[in-house]
Amino acid sequence: MPDTAQLSINLATVRQQWGLIEALEGVARAGIPAVAPWRDQIAAAGLKPAVQRFRDLGLVCSGLCRGGMFPALSPEGRATAHDDNLRALDEALAFDAACLVLVVGGLPEGSRDLADARAQVEDGIAALLEPARAAGMPLAIEPLHPMYAADRACVNTMAQALDICDRLGPGVGVACDVYHVWWDPDLPAQIARAGRERLMAFHICDWLRTTRDLLLDRGMMGDGVIDIPAIRHMVEAAGFEGFHEVEIFSAQDWWTRPPEEVLQTCIERHRTVC
C-alpha cells in the first residue's frame, strides 16, 4: 500500500500559503488522495469552481470543516446558527464529504451557564440531524480540549460526545482529533465505545511540550508528546478504516514554510511516526 493511501490534508495546514484551488492542486501533485476543506476557503474560491476543480483532480473529501457553533443568547441567534448549518450541510454534500465536522460552540458572550450551552448544542444537533439523515450526510461531533470550552466547544471529551450520540441515534458520531483528546485517561474505553459506526474522522498532529500559543502552535507529528501510533491503533482496533487527516495550525512555524515542504513532511512523518 502506498504511504499516502490513508493520508488526508486538512487544508488549515497550508491555509496561509495557498488559497483553496492552489491547495487542492498542491495536494494532488504530492500524491495525497484526500483533503478536508474549510468553509471560508470554499467561500473565497466559490463553491462551484471549488467543487469542479476538486472533482477534476480526483480527490476525496475526508470531512468538511465545519458546522456547529450552536449556542446563542436568543432564539433568533439560534435560528441564524441553524440556517448556517444547513448551508454547511449543502457544502458537505457538494464535496461528497465523509462527514460534516461539528465544532459545537461555547458559551454565548456574557453567559456563564455552561449546562445551558451544552443543552443548546444537543438541541442544535438534533435539529440538523433530520435533514442530514435525509441527505445521507453523517455529522461528526469533534470534542475539543477543555481550554476551548468557553469560546469554541463546550463538548470536551469523547464521552460527552458519545452521550449525545446515544441520545440522538444514528447519523451522528465523533471526530477524534489527537490534539484534543490525547490527555484523556478514559480515551481507550471511549474509542472502543464509539466503534466503527460512530468513528467518522481521525485527525492527527502533535502537542508541543513548550506550546507558545494554544490555538496556533500545533506541532507536526513526531515533534511533540502525543503517542499517535497508540491512538491510531485504538481507532483501527475499533474498526475505523478512514483517512488520517493532518490538521496543523502553526502561525510561527509550518505556516511560514513553503507549502510543498509542509506536504512532504506530512507524508514522511505519517510514514515514520504515525
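Of the residues ALA134, ALA44, ALA115, ALA23, which single one is closer than 21 Å to SER8 by Cα and at pLDDT 95 or above? Lay out the reasoning, then the answer.
On the way: ALA134 fails: closer than 21 Å to SER8 by Cα; ALA44 fails: closer than 21 Å to SER8 by Cα; ALA115 fails: closer than 21 Å to SER8 by Cα.
Being closer than 21 Å to SER8 by Cα and at pLDDT 95 or above holds for just one of ALA134, ALA44, ALA115, ALA23, which is ALA23.
Which residue is nearest to the chain's Cα centre (by Cα), if the candidates are limited to region 17-34 and must be surrounded by 15 or more Cβ atoms within 10 Å (Cβ to Cβ) and within 17 Å of ARG269 (Cα to Cα)?
ALA34
Read through the list (1) assigned to a helix (DSSP H, G or I); (2) within 16 Å of the chain's Cα centre (by Cα); (3) closer than 22 Å to HIS180 by Cβ, then give the number of the only condition that GLU91 fails.
Condition not satisfied by GLU91: (3).
Taking region 194-223 only, how many residues are surrounded by fewer than 20 Cβ atoms within 10 Å (Cβ to Cβ) and aromatic (Phe, Trp, Tyr)?
Total satisfying the criteria: 1.
Checking the condition part of a helix (DSSP H, G or I), in contact with a strand residue (DSSP E or B) (Cβ under 8 Å, 6 or more places away or on another chain), touching a residue at least 12 places away in the same chain (Cβ under 8 Å) and buried (at least 21 other Cβ atoms within 10 Å of the Cβ), which residue from ILE267, ILE226, ILE248, ILE191 passes?
So the residue among ILE267, ILE226, ILE248, ILE191 that is part of a helix (DSSP H, G or I), in contact with a strand residue (DSSP E or B) (Cβ under 8 Å, 6 or more places away or on another chain), touching a residue at least 12 places away in the same chain (Cβ under 8 Å) and buried (at least 21 other Cβ atoms within 10 Å of the Cβ) is ILE191.
Assuming ASP40 fulfils every condition listed in (1) under 19 Å from the mean Cα position of the chain (by Cα); (2) in contact (Cβ under 8 Å) with a residue 40 or more places away in the chain; (3) exposed (fewer than 15 other Cβ atoms within 10 Å of the Cβ) apart from one, which condition is it?
(2)
Within the bounds of region 110-128, is there any residue that is without any contact (Cβ under 8 Å) to a residue 40 or more places away in the chain and either closer than 26 Å to ILE42 by Cα or touching a His at 6+ places or on another chain (Cβ under 8 Å) (or both)?
no
Filter region 133-172 down to residues that are of a type in the set (A, V, I, L, M), under 18 Å from ARG112 (Cα atoms) and assigned to a loop (DSSP other than H, G, I, E, B) and give me whichever is farthest from the chain's Cα centre (by Cα). Before the answer, list the steps.
Going residue by residue through region 133-172, those that are of a type in the set (A, V, I, L, M) are 134-135, 137, 139-141, 144, 147, 149-150, 153, 155, 158-159, 161-162, 164, 168, 172.
Now narrow it down to the ones that are under 18 Å from ARG112 (Cα atoms): 147, 149-150, 153, 155.
Applying the additional criterion that residues be assigned to a loop (DSSP other than H, G, I, E, B) yields 149-150, 155.
Values: ALA149: 16, ALA150: 19, VAL155: 14 Å.
Out of the qualifying residues, it is ALA150.
Do we have HIS180 as part of a helix (DSSP H, G or I), within 17 Å of the chain's Cα centre (by Cα) and within 26 Å of PRO33 (Cα to Cα) here?
yes
Restricting attention to region 1-44, which residues are assigned to a loop (DSSP other than H, G, I, E, B) and among the aromatic types (Phe, Trp, Tyr)? Explain how you work it out, then say what you get.
Here is the first cut: in region 1-44, the residues assigned to a loop (DSSP other than H, G, I, E, B) are 1-6, 15-19, 30-33, 37.
Scanning region 1-44 gives a single hit, TRP18.
Say we look at region 43-70 and pick out the residues that are out of contact with any helix residue (DSSP H, G or I) (no Cβ under 6 Å at 6 or more places or on another chain) and touching a residue at least 60 places away in the same chain (Cβ under 8 Å); which of these is surrounded by the fewest Cβ atoms within 10 Å (Cβ to Cβ)?
So, considering only residues that are out of contact with any helix residue (DSSP H, G or I) (no Cβ under 6 Å at 6 or more places or on another chain) and touching a residue at least 60 places away in the same chain (Cβ under 8 Å), the one surrounded by the fewest Cβ atoms within 10 Å (Cβ to Cβ) is VAL60.
Is there a residue being in contact with a strand residue (DSSP E or B) (Cβ under 8 Å, 6 or more places away or on another chain), surrounded by 21 or more Cβ atoms within 10 Å (Cβ to Cβ), not in a loop (DSSP other than H, G, I, E, B) and not hydrophobic (A, V, I, L, M, F, W, C) anywhere in region 71-84?
No - not one qualifying residue is present in region 71-84.
Mind checking whether some residue in region 252-261 is within 19 Å of LEU102 (Cα to Cα), assigned to a loop (DSSP other than H, G, I, E, B) and in contact (Cβ under 8 Å) with a residue 60 or more places away in the chain?
No, that holds for no residue.
Is it true that some residue in region 4-16 is over 12 Å from the mean Cα position of the chain (by Cα), crowded, with 20+ Cβ neighbours inside 10 Å, of a type outside the set (Phe, Trp, Tyr) and more than 13 Å from CYS266 (Cα to Cα)?
No, because not a single residue in region 4-16 is over 12 Å from the mean Cα position of the chain (by Cα), crowded, with 20+ Cβ neighbours inside 10 Å, of a type outside the set (Phe, Trp, Tyr) and more than 13 Å from CYS266 (Cα to Cα).
The values are calculated or read from the model by the stated rules, or taken from the named source; none is laboratory data. In this text, all values refer to a predicted model and were calculated from it rather than measured experimentally. Heads up, the Cβs are rebuilt from the backbone with ideal geometry, glycines too, and the neighbour counts pull from every protein chain shown.
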